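Working notes for the structure below.
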Amino acid sequence: MSIQLSTPVNRQAAEALSRSKGEPEWLTALRAEAAELAETLALPKVEKTRIDRWNLSAFGQYKAAQPVAQLTELPEDVQTLAANAEAGLLVQRGSGSVYAKLSDELKAKGVIFTDLETAAREHSNLVQPYLHTVVPNNEDKLTALHGALWNGGVFVYVPKNVEVEIPLQAVLFNDDADAAFAPHILIVADTHSRVTYVDNVVTTGAAASAAAVHHSIVEIVAKAGAQVNFASIHNMSGEVVDLSIRRATLDNDARVEWVIGDLNDGNTLSDTKSLLKGNGSTSDSKVISIGSNAQKMSLTTQAVHWGRSSDSQMITRAVMRDEATAIINGITKIEKGATKANGEQTEKVLMLSPKSRGDANPILLIDEDDVTAGHAASVGQVNPEQVYYLMSRGISKKDAERLIIYGFLAPVVSEVPIDAVREQLQRLLERKLEA
Amino acid sequence: MSTQFVINDLKASVEGKEILKGINLEIKGGEIHAIMGPNGTGKSTLASALMGHPKYEVTGGTALLDGEDILEMGVDERALAGMFLAMQYPSEITGVTNSDFLRSAINARRGEGNEISLIKFIRQMEGKMKDLEMNPEFAHRYLNEGFSGGEKKRNEILQMMLLDPKLVILDEIDSGLDIDALRIVSNGVNAMRSEDRGFLVITHYQRLLNYIKPDFVHVMMQGRIVKSGGPELAERLENEGYDWVKEELGIVDETVGQA
Ligand SMILES: Nc1ncnc2c1ncn2[C@@H]1O[C@H](COP(=O)(O)OP(=O)(O)OP(=O)(O)O)[C@@H](O)[C@H]1O
Ligand SMILES: [Mg+2]
């Protein structure tokens, strides 16, 4: 079965929608242009994954979301995810933002944390210069479509020298099968600032059992000396196709840390990339995933080095059950002139079933002599020698395998920046591994 | 009833090749038996076959621990029945901390609903680690990952102390240990000597047996126990090597290879 992606938008529709939402002219123009591009551009070529065969027809319709005054008005599972967000919390439901909170202390410091639609209206001067500059609309059909259709979203701005100690959190959820769900996340960390952002992306209620597409783009601008820690856990149902592109651009001595949990039940395209433009800039990405049933996933981490003495670390670990397939790509590119750059990557797949499939593709593209780079990749099963060792201490086979599997994922799980989120991630892993 | 372990005509193969050709051995609670023998004569194979390593196929015989044939049991059941093997080459397991592992092992023995409290566990573990002069940081390290040879051996003894087994097999516990560690580990073993625990100590060196005094010494060649005696046998082997044993028994090649 092959479902053609008919473009679900055109210039007129995009313009009309943008105007009806009262978006500024510059944004309406961007959306119109993106809609036009979407009609002509092709889908991205994804290594060994035929996303053109995925069900990309159910983009949904924009539906205005009703803001809530209290979190208690939200579905219970969403409330759980939103608990303990002390510094700042944003909630998107379907096509739009429904709740926003930011501590007075951070407001006073000039931190902005709102949905991106509001930010585009109220802080054009801070949004317009950056929006779509890290991931341009004209890259392919998906980026163009997203540019035309994105809704709700998140905007984080941290002024110069401001350090946000407590993580900002967002819950992006959809519970309406017909609502377009396409958040765009833009994080701008000014020079020598510091911030941690964590989000959960879920489907619930009626949306958990209907075909849908979630497409999101994350853009991070880390200016000189800034540090951005970004953690995101995706947990959408088997009917939902998740297309998530994340990209950061780093100035001198900036640092970005990515922690990604690709824990959907449906097909997933996940691409996380750092553009190390500045000298001394560093990035660290950690991705974990569990595949089950007939799920297909393409998980990519990338680092491109231009800056001298820049450093990138990338780890992806995936556990594949049933008939799940994961194509895992790691791409380290070092451009000419990026002397003393260093890039390391590891992709590991643990296969729990003879019908599951995992492919690890480490790629090093190096155009400069004075650099260091390394990669390690492995695809394997639970090591029987290790199972024997644990069992020889009285641990049952099931528990032994469990320990080994969680141990395999531990290097990423232990890096999640908030205790509550880490515990939630642990519960999610258990759900996916023990279902 | 004090522990009794009886191995009767145990035969085992690995990858279709017979390595153990009929082992007979009886160990009573309170006794320490040493097994010596040249490289490649089947000592570790005996240990692995008794513990149930999946690569080793038992092709005959029995091994009765207090009357029950452990060879009929799964690896975990053997451990729960009281078997413990300190391995010559312990596995490294990334992502599983030593303390999580130890707690799982202790709780497996105690059974569901009777799990050890965290406080009590930590107290026990830290106490034993102190006895073994292990840096407390080893509790939080991943299991055996990056441990030096000697650190792995201490960690094996730590497990033995916490799991309180009935029949302990130590496979070259002295290899990789410096002189102080040898004393510390031996003290740990000696502290565990009791009427209801038997030991089978595999070693190449008399030195270990100066610390852990055996009641019986056996020599293994060609996958069999070819000679048994008291502690004096180990001393003679240390001084004279194995040639005299081979001569006495008319053995040319002591390995299991082409016997
Ligand atoms: N897993 C295995 N696969 C193949 N051959 C094996 C395996 N285990 C043991 N053997 C063979 O069985 C024989 C006995 O090996 P074993 O490890 O029991 O010797 P050992 O007496 O413990 O020697 P050492 O003193 O060197 O530790 C050797 O020839 C060895 O190569
Ligand atoms: Mg051996």
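The values are calculated or read from the model by the stated rules, or taken from the named source; none is laboratory data. Computed from a prediction, not measured in an experiment: that's the story for all the values here. Here Cβ is always computed from backbone atoms with ideal geometry, including for glycine, and neighbour counts include all displayed protein chains. Surface areas here come from the heavy atoms of the whole protein model, side chains and all, with no ligands, DNA or RNA. Shrake-Rupley method; radii C 1.70, N 1.55, O 1.52, S 1.80 Å.
Structure summary
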{"read-out": "Qualifying residue in the stretch B:108-116 (condition: of a type in the set (Gly, Ala, Ser), modelled with pLDDT of 95 or more and within 16 Å of ligand 2 (Cβ to nearest atom))", "value": "no"}
{"read-out": "In the stretch B:28-52, the residues that are in a loop (DSSP other than H, G, I, E, B) and within 14 Å of chain A (Cβ to nearest Cβ)", "value": "B:Gly52"}
{"read-out": "Scope the stretch A:270-285; condition of a type outside the set (Lys, Arg), in contact with a Lys or Arg (Cβ under 9 Å, 6 or more places away or on another chain) and assigned to a strand (DSSP E or B); matching residues", "value": "A:Ser270, A:Asp271, A:Thr272, A:Ser274, A:Leu275, A:Thr282, A:Ser283, A:Asp284, A:Ser285"}
{"read-out": "Matching residues, the stretch A:205-229, being open to solvent by less than 20 Å² (accessible area, probe 1.4 Å), at pLDDT 95 or above and not in a strand (DSSP E or B)", "value": "A:Ala226"}
{"read-out": "Subset of the stretch B:53-78 that is in a loop (DSSP other than H, G, I, E, B) and away from ligand 2 (no atom under 16 Å from the Cβ) - its residue that is most open to solvent (accessible area, probe 1.4 Å)", "value": "B:Pro54"}
{"read-out": "Those strands (runs of 3 or more DSSP E) lying entirely in the stretch A:103-192 with at least 2 residues crowded, with 23+ Cβ neighbours inside 10 Å, assigned by TED's automatic domain parsing to the domain that holds A:Phe230 and not polar (S, T, N, Q)", "value": "A:154-158, A:168-174, A:184-189"}
{"read-out": "Selection count, the stretch A:365-408, where residues are within 27 Å of A:Ile328 (Cα to Cα), within 7 Å of chain B (Cβ to nearest Cβ) and in contact with a strand residue (DSSP E or B) (Cβ under 9 Å, 6 or more places away or on another chain)", "value": "6"}
{"read-out": "Selected residue [within 16 Å of the chain's Cα centre (by Cα) and either over 14 Å from B:Arg224 (Cα atoms) or in contact (Cβ under 8 Å) with a residue 24 or more places away in the chain (or both)] from B:Ile27, B:Ile19", "value": "B:Ile27"}
{"read-out": "Test for A:Pro411: is it surrounded by fewer than 16 Cβ atoms within 10 Å (Cβ to Cβ) and within 11 Å of another protein chain (Cβ to nearest Cβ)", "value": "no"}
{"read-out": "Residues located in the stretch A:349-385, provided they are open to solvent by 30 Å² or more (accessible area, probe 1.4 Å) and among the polar types (S, T, N, Q)", "value": "A:Thr372, A:Ser378, A:Gln381, A:Asn383"}
{"read-out": "Close pairs from the stretch A:413-435: first in the same structural domain as A:Ala82 (by TED's automatic domain parsing) and in contact (Cβ under 8 Å) with a residue 40 or more places away in the chain, partner open to solvent by 10 Å² or more (accessible area, probe 1.4 Å) and in a loop (DSSP other than H, G, I, E, B), Cβ under 8 Å, at least 6 apart", "value": "none"}
{"read-out": "Qualifying residue in the stretch B:225-246 (condition: within 16 Å of ligand 1 (Cβ to nearest atom), within 14 Å of chain A (Cβ to nearest Cβ) and under 27 Å from B:Ile19 (Cβ atoms))", "value": "no"}
